[in-house]
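Chemist: Have a look at this one.
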Amino acid sequence: MSILVCHDYFAIRGGGERLALDLANGLGADLFYGYRTEASYEPGEFPARSSAISCNLMRLPRGIRTVALAHRFSRRQGEVAGYAARIFSGVAAPFAAPPKSVPGRNILYCHTPPRFLYDLESHYLSTLDPVRRLGLRMVGPAFRKRYEDVVGRMHVLVANSENVRRRISTYLGRDSIVVYPPVDTAGFTWGEPQGYYLSTGRLAPLKRVGDIVDAFLRMPGKRLVVASGGEDEAALRARAAGAANISFTGWTSEAQLRALVAGAIATIYVPVEEDFGMSAVESMAAGKPVIGVAEGGLLETVVHGEVGLLVPPGFTPDDLVAAVEQLDAGRARRMRAACEARAQLFTRERFLAAMRELAG
């Protein structure tokens, strides 16, 4: 049986990108995607039968890029239809799905209905300059209609969490099956704590890393390592300038990230209504507890008081200060066994078994 995985693009070493690679490699599938940048996974991690649409698209502004990429994918329906099972991941890739009447199965692995069109539309509008804001107001409704039409071609919708399953029901009016994303639990291992707390969230407003930085500015005796990059990097580095207890690594390699997680006392991950949050599970796989936020997918992974601490949704930097002080090295060490056991609920093997069954 022939299987195809279609994913939007590979721009960074993110969870969605990792999932698409695990899916294609684990199922022996072909991989079709928009483009890849050098900041993402190495070519050797891609299956042998992989192909990209166009490298030129990455130069376009983000909103225009999504629309252009969706159009490019829609033109590939003919070749995609030749596969018995077609698994789509992302916002633009599903536009390659052929009609339901075509033999085979269209399966959408939905990380979330596109948030710039639904629950976070007002947030995204507030971040744009007047010209781009007007463009989204004009194009958004039409693109949303097209996206919903594409979702209608799917035989099966898969949500990456109960949190996303609720969003799919609310915004798309469809039921879905929950299959948690794959986490390389064997690749993250415990190491002796080296006296620092670790933030791995992308440096973007919705990840709220600024609040973490502000908390550690109030705790000069506690060390924070920020192991990521993003559009807010320069501003956050400037905010932490002069604070000897806060350091930034920028984007790291996979090996460097695993070493940093292994050496941490605990990780801190407090995004806005995160879809699922693989970073929290990676931390637990290494036996490291998580300081998270009681909203979104973290409610499904982090058990408060057992494998970490959850601050309230409307938290302040002071709440993070209190959580860090409560979760010292001794308490974190005592949570190790519970963390490692909890992470086993989200293994790559469980993910692939479930997706293999859906692919038929």
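Chemist: Quick one: count up the residues across region 103-113 that are in contact with a Lys or Arg (Cβ under 9 Å, 6 or more places away or on another chain) and in a loop (DSSP other than H, G, I, E, B).
Modeler: 3
Chemist: Further question on the same structure: In this structure, does Y83 turn out to be open to solvent by 10 Å² or more (accessible area, probe 1.4 Å), assigned to a loop (DSSP other than H, G, I, E, B) and touching a strand residue (DSSP E or B) at 6+ places or on another chain (Cβ under 9 Å)? Steps first, please.
Modeler: Values: open to solvent by 10 Å² or more (accessible area, probe 1.4 Å): yes; assigned to a loop (DSSP other than H, G, I, E, B): yes; touching a strand residue (DSSP E or B) at 6+ places or on another chain (Cβ under 9 Å): yes.
So Y83 fits the description; yes.
Yes or no, residue by residue, for (1) surrounded by fewer than 13 Cβ atoms within 10 Å (Cβ to Cβ); (2) among the charged types (D, E, K, R); (3) assigned to a helix (DSSP H, G or I); (4) over 22 Å from the mean Cα position of the chain (by Cα):
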| residue | (1), (2), (3), (4) |
| --- | --- |
| R115 | no, yes, no, no |
| L125 | no, no, yes, no |
| L136 | no, no, yes, yes |
| R144 | no, yes, yes, no |
| Y147 | no, no, yes, no |
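Chemist: Given the conditions (1) part of a helix (DSSP H, G or I); (2) open to solvent by 40 Å² or more (accessible area, probe 1.4 Å); (3) over 30 Å from A255 (Cβ atoms), and given that I168 satisfies all but one, which numbered condition is not satisfied?
Modeler: (2)
Chemist: What pairs come up if the first residue lies in region 140-158 and is within 22 Å of L358 (Cα to Cα), the second is modelled with pLDDT of 95 or more and of a type in the set (S, T, N, Q), and their beta carbons are under 7 Å apart, counting only those six or more places apart or on different chains?
Modeler: If the second residue must be modelled with pLDDT of 95 or more and of a type in the set (S, T, N, Q), the pairs left are R153/N106; M154/N106; H155/N106; L157/S176; V158/S176.
Chemist: Of all residues in region 1-36, how many are open to solvent by 30 Å² or more (accessible area, probe 1.4 Å) and among the β-branched types (V, I, T)?
Modeler: Number satisfying all stated conditions: 1.
Chemist: Counting only residues that are under 16 Å from the mean Cα position of the chain (by Cα), of a type in the set (A, V, I, L, M) and crowded, with 24+ Cβ neighbours inside 10 Å, which one in region 267-291 is nearest to S161 (Cα to Cα)?
Modeler: The extreme case among them is M278.
Chemist: Please specify each residue of region 269-292 satisfying the condition of being without any contact (Cβ under 8 Å) to a residue 60 or more places away in the chain and part of a helix (DSSP H, G or I).
Modeler: Correct list: A280, M284.
Chemist: Applying the selection to region 183-224, what residues are in contact with a Ser or Thr (Cβ under 7 Å, 6 or more places away or on another chain), more than 19 Å from V293 (Cα to Cα) and open to solvent by less than 10 Å² (accessible area, probe 1.4 Å)?
Modeler: V183
Chemist: Among F73, F88, which is the only one that is surrounded by 13 or more Cβ atoms within 10 Å (Cβ to Cβ), in contact with a helix residue (DSSP H, G or I) (Cβ under 6 Å, 6 or more places away or on another chain) and in a helix (DSSP H, G or I)?
Modeler: It is F73.
Chemist: Go over the candidates R356, R348, R334 one by one and state the one that is of a type outside the set (S, T, N, Q) and free of Cβ contacts under 8 Å to residues at least 12 places away in the same chain.
Modeler: Working: R356 fails: free of Cβ contacts under 8 Å to residues at least 12 places away in the same chain; R348 fails: free of Cβ contacts under 8 Å to residues at least 12 places away in the same chain.
R334 is the lone residue from the list that is of a type outside the set (S, T, N, Q) and free of Cβ contacts under 8 Å to residues at least 12 places away in the same chain.
Chemist: Only one of A52, A20 is closer than 22 Å to I107 by Cβ and at pLDDT below 95. Can you tell me which? If you could, list the steps in order and put the result at the bottom.
Modeler: Numbers: A20 fails: at pLDDT below 95.
After applying the criteria, what remains is A52.
Chemist: For region 294-316, name all the residues that are surrounded by fewer than 17 Cβ atoms within 10 Å (Cβ to Cβ), more than 21 Å from the chain's Cα centre (by Cα) and modelled with pLDDT of 95 or more.
Modeler: Answer for region 294-316, where residues must be surrounded by fewer than 17 Cβ atoms within 10 Å (Cβ to Cβ), more than 21 Å from the chain's Cα centre (by Cα) and modelled with pLDDT of 95 or more: H304, G305, E306, P312, T316.
Chemist: Give the residue that is least open to solvent (accessible area, probe 1.4 Å), with candidates limited to residues of region 91-107 that are closer than 30 Å to P130 by Cβ and touching a residue at least 60 places away in the same chain (Cβ under 8 Å). Walk me through it before giving the result.
Modeler: Going through region 91-107, the residues closer than 30 Å to P130 by Cβ turn out to be 91-92, 95.
Now narrow it down to the ones that are touching a residue at least 60 places away in the same chain (Cβ under 8 Å): 91-92.
Details: V91: 28, A92: 1 Å².
Among those that are closer than 30 Å to P130 by Cβ and touching a residue at least 60 places away in the same chain (Cβ under 8 Å), it is A92.
The values are calculated or read from the model by the stated rules, or taken from the named source; none is laboratory data. Since the structure is predicted, the reported quantities are computational estimates derived from the model, not experimental observations. Cβ: placed from backbone, ideal geometry, glycine included. Neighbour counts: every protein chain shown. Accessible surface areas use protein heavy atoms only, side chains included; no ligands, DNA or RNA. Shrake-Rupley method; radii C 1.70, N 1.55, O 1.52, S 1.80 Å.
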